[in-house]
Structure formats: structure tokens, C-alpha cells
Amino acid sequence: MSASVEPILTAEERHLQSLIYGLIISTGILSMIVCSLRLYTRAFVIKNFGMDDIAVCVALVITQAFNGLGVAVVYYGEGIHFNKVSAENRAIWLKLYYVAMCLYLYASLSVKVSLLLFLRRIFIKRWMNALTIGMIVFQVLFSVSGSFVLAFQCDPVRGAYDLTVANPKCYSQYKLFQITLYQAVLIFVCDVIILIAPLVILCGLQMPTRKIIALMAIFGSGIIACISPVVRFSTLDYLRHGTTDLTYDSASSLYWMAIEFNLGLVAGSLSSLRALSVFRRFGSSANSRDKGSTGNKSHELLNMNGSEPRNTRERKRGLGMGTTILQDSVNESQEHIIYEPKNDHGQREARF
């Protein structure tokens, strides 16, 4: 017999599939470019490759794997009404959908860990260190346990993706809705904490207003990634009300997950790009006024308590991951945030 005939898609189905392809591929390419530039900058320009950069490498691999999985899910029927998908493609689609369901928490975990390690390196404050470590531990436990619950949603496990299994005992769709909504809420709360924590510190810095605004814009770019879990709340209605058209109704949830992961990586890497000459040119005219009064010395910052500025030539040992950013030096190759003093004579630093 001949191969199964391709289904005739409606304009709405073609549009939805094109939208999913476009969003997954475009945000995936964006994250690849930005993260590659960030890793190049850290390895070859600043020459200070830290733990957060290694975490970005891991997160980029996992996120791109999720993007590829998303593209495959669409290829085998996502965005098409279930009754139009051939039996062969349904079998493959269900397996891919199951893998995506089990993988998405690990993709989220990898992105969150890279962001938290980045914040830990940049902002050398005791409460920030405690916050980031606590959140990393929580994220690991949450992701492993959450993925375990989703992986074993049926007894036998194959019943989650194999329609030939007779009478499997599975969670109801409403139970899956409750689980995924609970996970989405916790992911959103963690995103908000990661977004707000650096902004709180930046508001207390004694720096030129223009620079503080620029830094807040860079670190605040993660708000786009924070919006994704909120929007995804509404995309879970197909589970709450139950559906027999899973390939079509789950489409929007898929691309919002891809947006969340890819833009999370982008937001965490943007500030590292300032060391590249192409990005320094944009701020050269604005920074020239600051440098005019300092001659050949680095632009100095006051600490959070308003004490005298520290000579930027003095160096103290940081976290072992390198030293901190956000203050322009003469050649603008690195920046610094000066934070919590260790004693009366010095302060800890970390390089960006």
C-alpha cells in the first residue's frame, strides 16, 4: 500500500504551525547567537571563564535540545487537529510530547542555575549568596521531583505515550492540569525573585543615574522571560476542561515554553556583551563626560553605605570565579560593582 496521504490543513492550522516554527526557531537562534557572543567575550576578551559560563554552556545545550524536540513535535502533528494526524504520526507525536513533558523542567532548571550563578558572581553580598544557593537547591529538588511525577503519570509508564497499552492507570487530565499549573506558578515566582533581586541592589548604588538606568534595563530584560509562565497559565485550559484534540490544543503551551527558556538565556547574557568593542561604541559618547574628570584613572563608585571610593587598582580576591562588573575602566574592557566590605580597609570584588 502507498504511504499515508498528507492531511489537507486549514488556514488556521497552517498559521498555527508556522507560528510555532517561527517562534521556536527565531528565539532559539537568538539565544544561540547571544550566548555564543557571551562565551566568546568571557573566554577570549575578558579571559575569565567562570562557573556561570559553564552553566550557560550546559543550559544552551539543553535548551537547544528542547527547541529541536519542539520542532519535531510540530513536524509530527502539533498544531493540527488530532483526527487529521495519521496513526503512525500520532504514535511518534505522543512519544515526543511525553519526552518534552519530562524534559521541560530540566530545561528550566538549567537556565535558572546559570542565572543564579551569574548573580552570585556579580553581586557580592551575603544575602545574595544565601539567596542564590538556596534557590539553586530548591530548583534542583523541585525539577527532579516534578519530572519524576510527570514521567510516572501512568502505570505502566508506557501508557502515557502508547495507545496500544490496554487499560493503563493514568492521572486524569484535570490532575495533570493541577500539577502543571502548580509547577508553572513556582517557576514564575522564582523568575520574579531572580528579576527583582539585582534591581534592589542597583537602586542602592551611588552611580550616575544614566548608568543605573542602563544597568536596570539590562538586568530587567528578564521580565520578558517572566511573562511567559504567566501567559502559559491560560494555555493550560485544555487540561482543565479536558480535550480529545491534544495535538491542536497544546500548541500554544509548547511555544511559550520555548520563548521562556530562550529569552531567559538571552537576558542572562546581555550584560556580558558590553566588553565587546562593537557594544562599547554605543556608550562611548555618554561615558566620555564621566571619564573627563578622572583622566587616566578608572571611574570609581561609592559603596552601598556611601563611604569613600576605593582605588580601583587595588584588588582583592573574590569568589574564585573571577572578579565583578558594572564600572567602566579606561579601556572599557570590564566593569565592576563594588560591594559589601569585608573589613574597614577593603571590599570584595568580582569580575564580570
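Points worth noting:
- Given (1) free of Cβ contacts under 8 Å to residues at least 60 places away in the same chain; (2) out of contact with any Cys (no Cβ under 7 Å at 6 or more places or on another chain); (3) open to solvent by 60 Å² or more (accessible area, probe 1.4 Å), number of the condition residue 169 does not satisfy: (2)
- Filtered by the rule that a residue be surrounded by fewer than 24 Cβ atoms within 10 Å (Cβ to Cβ) and of a type in the set (Val, Ile, Thr), the range 104-121 gives a lone residue, 113.
- Scanning the range 77-95 for residues that are farther than 13 Å from residue 13 by Cα and assigned to a loop (DSSP other than H, G, I, E, B) gives a single hit, 86.
- Unmet criterion (only one of (1) among the aliphatic types (A, V, I, L, M); (2) closer than 27 Å to residue 24 by Cα; (3) part of a loop (DSSP other than H, G, I, E, B)) for residue 166: (2)
- Taken over the range 20-38, the criterion of being open to solvent by 40 Å² or more (accessible area, probe 1.4 Å), touching a residue at least 40 places away in the same chain (Cβ under 8 Å) and farther than 14 Å from residue 73 by Cβ is satisfied by 30, 37.
- If you go through the range 172-194 and keep only what is assigned to a helix (DSSP H, G or I) and open to solvent by 30 Å² or more (accessible area, probe 1.4 Å), you end up with 173, 174, 175, 178, 181, 182, 185, 186, 188, 189, 192, 193.
- Residue within the range 139-155 that is over 24 Å from residue 92 (Cα atoms), out of contact with any Gly (no Cβ under 9 Å at 6 or more places or on another chain) and open to solvent by 80 Å² or more (accessible area, probe 1.4 Å) present: yes
- Any pair with Cβ under 7 angstrom, 6 or more apart, that starts in the range 178-203 at a residue that is closer than 22 Å to residue 153 by Cβ and of a type in the set (Ser, Thr, Tyr) and ends at one that is open to solvent by less than 20 Å² (accessible area, probe 1.4 Å) and modelled with pLDDT under 85: 180/236; 180/239
- Flag for residue 124 being surrounded by 15 or more Cβ atoms within 10 Å (Cβ to Cβ) and outside any loop (DSSP other than H, G, I, E, B): no
- Filter result for residue 100 (under 12 Å from the mean Cα position of the chain (by Cα) and open to solvent by less than 20 Å² (accessible area, probe 1.4 Å)): no
- Residue that is under 30 Å from residue 162 (Cβ atoms) and among the basic types (Lys, Arg), where the choices are 47, 84: 84
- With respect to (1) modelled with pLDDT under 90; (2) open to solvent by 70 Å² or more (accessible area, probe 1.4 Å); (3) under 30 Å from residue 136 (Cα atoms), the lone exception for residue 210 is condition (3).
- Conditions (1) surrounded by 21 or more Cβ atoms within 10 Å (Cβ to Cβ); (2) more than 30 Å from residue 83 (Cβ to Cβ); number of the one not met by residue 255: (2)
- For the range 240-271, a residue qualifies if it is polar (S, T, N, Q) and farther than 25 Å from residue 216 by Cβ, and the qualifying residues are 243, 244, 247, 250, 252, 253.
Residues are listed down the side, and each one gets a yes or a no for (1) modelled with pLDDT of 95 or more; (2) crowded, with 23+ Cβ neighbours inside 10 Å:
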{"site": "49", "(1), (2)": "no, no"}
{"site": "57", "(1), (2)": "yes, no"}
{"site": "62", "(1), (2)": "yes, no"}
{"site": "73", "(1), (2)": "yes, yes"}
{"site": "82", "(1), (2)": "no, no"}
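- Check on residue 158, out of contact with any His (no Cβ under 7 Å at 6 or more places or on another chain), assigned to a helix (DSSP H, G or I), farther than 21 Å from residue 73 by Cβ and basic (Lys, Arg): no
The values are calculated or read from the model by the stated rules, or taken from the named source; none is laboratory data. Predicted model, so just to flag it, every value in this text is computed and none were measured. All Cβ positions, even for glycine, are placed from backbone atoms using ideal geometry, and neighbour counts span all protein chains on display. Ligands, DNA and RNA are excluded from the accessible area calculation, which covers all protein heavy atoms including side chains. Shrake-Rupley method; radii C 1.70, N 1.55, O 1.52, S 1.80 Å.
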